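*Asks:* What follows is a structure written as structure tokens; I'll ask about it next.
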Amino acid sequence: MNVDTCIKQSFASTSSYAPHYPQSCDEALGEALFSTQAYNAWRMLDPGPALPIFSRFAALPALTKRDLRTRGPQGFVPHDHDIAKGLTTHEIELGTTSGATGDQVTNVWYQPWWNASEAASWQLNAHARTVATGVHREAILTSPWCAGFPCEYGYLTMEQRTLGRFLYLSERFDPSSWNSDLMDRMVNELNTFRPVVLEANPSFLARLSRHIVRRRMRVHSPALIVLTYENPSVLHRRQISRAFDAPIASSYGATEAGYVFMECEAGRLHQVTASCHVDFLPFGPEHGGPDVGRILVTIFDNPWRSLLRFDIGDVVRLDGHAPCPCGRHEGLVLKSVEGRTVHLTSTSEGRAVTQGTVDHALGSVSGLVEYQILQVGLSAYHLRFVAEGVASRSVAGAASEALQEVYGVEAAITADPVEAIAPDPPGKYCLTRMLDPIDPHELLDDKYAPRIP
Ligand SMILES: [Zn+2]
């Protein structure tokens with residue numbers, strides 16, 4: 001087969017980058033193809049240096065989590081580095097991602113690279129740039145199974161949950177089981193510790209925020225709230241901003257890929273071009289393309305990890321191509337991260353619907369504070385929801401109407417009020433999903449779809 005016939009279009013060639021950026025991409029590609037065992041089979045797919053770098057990327061497959069599992073951590077370590085030696089000298093650690101059991105990946109963790117990637121992301125938000133110094137006090141509210149000190153029976157002292165400049169506010173992974181005393185403790189600790197930055201899983205902080213507003217408590221507002229670990233819902237952000245008088249920025253990345261996008265002070269998400277390259281793969285027009293699509297991430301300058309075109313598993317929406325008011329213009333700019341590909345649902349005609357689309361539609365339903373939608377059939381949807389301050393029946397009616405707008409008049413929607421909704425282990429909320437999930441590869445515009453190896 002002529003390799004030219006396999007070359008797909010690259011969206012990256014439409015973005016603007018700093019002059020040295022193509023060189024960083026070139027080095028990442030060279031290290032993967034010629035110095036890293038996991039990519040041996042990809043070498044013959046590379047059309048070679050006669051083509052522009054982004055076209056060379058576009059000729060290659062996507063790297064999946066399954067690849068990371070089957071090749072193991074050593075498969076992605078460049079030839080001049082050795083895991084056993086790195087562990088002996090404590091230069092690196094091995095860490096397992098906290099996904100569902102079948103989804104766990106062992107990663108080589110090299111802290112200096114992670115720190116550099118995080119510091120680069122701070123440059124993309126005016127507030128973070130000012131207050132995040134790398135030595136600032138930081139409180140963290142997320143599942144302790146993702147970061148911190150888990151303890152599901154009994155409680156830990158503040159001292160036991162403090163590590164250097166970090167305070168982990170919860171030792172429990174399920175906010176639906178938090179009692180008032182535990183949330184009062186979190187507020188007291190925020191008032192004592194007075195963090196400069198509060199980094200939080202948005203659904204966790206939303207739960208605490210509702211408690212603060214309901215009890216009319218006084219709480220220390222940090223200089224910046226950074227939302228991470230899961231995709232924030234419109235409802236979460238609104239609940240948080242009612243309790244805290246602080247700017248909010250969403251930070252997007254992954255354990256495998258570091259910091260990939262950071263929300264600027266104008267509300268758009270800018271690519272962290274200092275530490276990664278992002279290939280955008282638009283969906284076909286019938287599924288929301290060309291502004292909605294998937295992303296593949298390539299990382300730069302990690303001596304212990306070569307990651308090329310990694311399918312991070314999320315769907316994003318481009319910013320509409322108008323310049324961002326903040327003035328930053330390098331790399332891919334997003335209006336939003338729309339949620340995981342496993343959280344896609346569909347209309348009865350089979351059009352893909354992102355979690356972001358559903359969330360936007362439900363964002364204006366008065367009294368709705370939490371929800372979860374399960375698509376149980378071609379045009380059948382089951383909504384579980386938590387209402388506050390408004391009668392459940394009214395909330396159910398308004399939410400069903402909003403969902404009908406999204407899924408169409410054929411949609412059969414059932415709605416049940418519940419006391420609370422628990423996250424999936426290890427502590428991440430799922431807002432929408434299907435019993436029989438869509439294959440996201442089939443949604444792609446074929447001109448950009450990566451080849452199957
Ligand atoms: Zn901006």
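The values are calculated or read from the model by the stated rules, or taken from the named source; none is laboratory data. Just so it is clear, the structure is predicted and the values come from calculations on it, not from any experiment. A quick note on method: Cβ atoms are made from the backbone with ideal geometry, for glycine too, and the neighbour counts reach across all protein chains shown. Keep in mind that these areas ignore ligands, DNA and RNA; they rest on the heavy atoms of the full protein, side chains included. Shrake-Rupley method; radii C 1.70, N 1.55, O 1.52, S 1.80 Å.
*Asks:* Counting other Cβ atoms within 10 Å, which GluC sites (Glu not before Pro) in the stretch 316-381 have at most 16 and lie in a DSSP loop?
*Replies:* GLU349
*Asks:* Oh, and also: Taking the solvent-accessible surface of protein heavy atoms with a 1.4 Å probe, what is the per residue accessible area of the stretch 303-346 in Å²?
*Replies:* Per residue, the stretch 303-346 has an accessible area of 34 Å².
*Asks:* Quick one: pull the percent of accessible area on the stretch 372-439 belonging to carbon and sulfur, 1.4 Å probe, ligands and nucleic acids left out.
*Replies:* 51
*Asks:* On to the next question. Spelling out what I want: for every residue of the stretch 255-266, take phi, set θ = phi - 60°, compute 6.51 cos²θ - 1.76 cosθ + 1.60 (Karplus), and round to whole Hz; glycine and proline get x.
*Replies:* Result, rounded to whole Hz: 3, 6, 10, x, 8, 10, 9, 9, 6, 7, 5, 9.
*Asks:* How many angstrom lie between the Cα centre of the stretch 330-404 and the Cα centre of the stretch 92-158?
*Replies:* 29
*Asks:* Over the stretch 67-207, with every protein chain in place, what whole percent of the accessible area is carbon and sulfur at 1.4 Å, could you tell me?
*Replies:* 53
*Asks:* Using the heavy atoms of the protein chains alone and a 1.4 angstrom probe, what is the accessible area of the stretch 136-255 per residue in square angstrom?
*Replies:* Roughly 41 Å² per residue, with all protein chains present.
*Asks:* Counting only protein heavy atoms, what percent of the accessible surface of the stretch 302-357 is carbon or sulfur at a 1.4 Å probe?
*Replies:* Its accessible area is 52 percent carbon and sulfur atoms.
*Asks:* Shifting gears a bit: With the crude spin-label approximation of a point 7 Å out along Cα→Cβ, what separation in nm comes out for ARG242 versus ASP184?
*Replies:* That separation, rounded to one decimal, is 2.2 nm.
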